[in-house]
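The structure appears below as structure tokens.
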Amino acid sequence: MNDDFYQMYLEEMEDISPCTKEETEMLLKNIKEGNKEAKKRLVEGNLKTALSYAKEFDGKGVLLTDLVQEANMALMMAVERYDGSPTKEEFDRFAGDLMNEFLLEAVQEEVSAEQTAEELAARVNVLQTVSSVLAKELGREATIDELADKMKMTVEEIHGIMKIALDAMSINTEDMDMEALEGADGFDLIEQEDEDYKG
């Protein structure tokens, strides 16, 4: 689906002519005079440049369609914010810096989200392992307090991890390691313990 949208976008780009140096500088002057149509054309005439910036970040964890959207948003903001001299070189540098900033932030947010998901999955896996070990040692399923004591965590922290696991199973979250969550020993009891804890 994303590939289809991207292909359609590329086809639309073929009909849009980039701004020349002369046109850019004329548009910048018109924008300073409050011409809204000049803003629209300056954005339109730089969409191919935004696309080229987006492509530089392709393969870093963010969909190319999302990267294009980020670059286009940065371009529109650059047109709104620019208050420098009406020269193509200065505007291009200003817009390019802003597009790089937006794109880098998008990639960093994606990396951070993936790391967080991995950390949460790791915590769930550790809890499952400890729960299984304690069950064998005690001959019964461990209580929340026992799990908390074994993992050197508070009861609230244990409940937080269990809520993550249960939410992940209920919504089939793709970011979590669902194979590791499915069929784990102790989760039936943990869910019940959670209900008891809530009162």
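Kindly state, to the nearest 0.05, the FRET efficiency for Tyr9 paired with Glu90, given R0 = 35 Å and r defined as their beta-carbon distance. Calculated transfer efficiency: 0.80. For the pair Leu63 and Glu37, the difference between a 0.36 nm per residue extended length and the Cα-Cα distance amounts to 6.3 nm. Both numbers refer to the Cα atoms of segment 86-139; Rg and Dmax are 23.4, 78 Å.
One equal scatterer on each Cα of segment 1-66, no solvent, Debye formula: the resulting log10 I(q)/I(0) at q = 0.11, 0.15, 0.20 Å⁻¹ is -0.34, -0.58, -0.84. When only alpha carbons are used to place a centre, segment 107-170 and segment 54-76 end up 35 Å from one another. If the chain linking Asp145 and Asp97 were pulled fully straight, counting 0.36 nm for each residue of separation and taking away their Cα-Cα distance, it would gain 12.0 nm.
Quick one: if you stick a label point 7 Å off each Cα along the C-beta vector at Glu118 and Leu138, how many nm between them? The two pseudo-label positions are separated by 3.3 nm. Segment Lys29..Gln108, full-extension length gain: 24.9 nm, with 0.36 nm per residue of separation and the alpha-carbon distance subtracted.
Quick note: the coordinates plus some simple rules give every number you see, no bench work behind them. All values reported here derive from a predicted model rather than from experimental measurement. Virtual Cβ from ideal backbone geometry, glycine too; neighbours counted across all protein chains shown.
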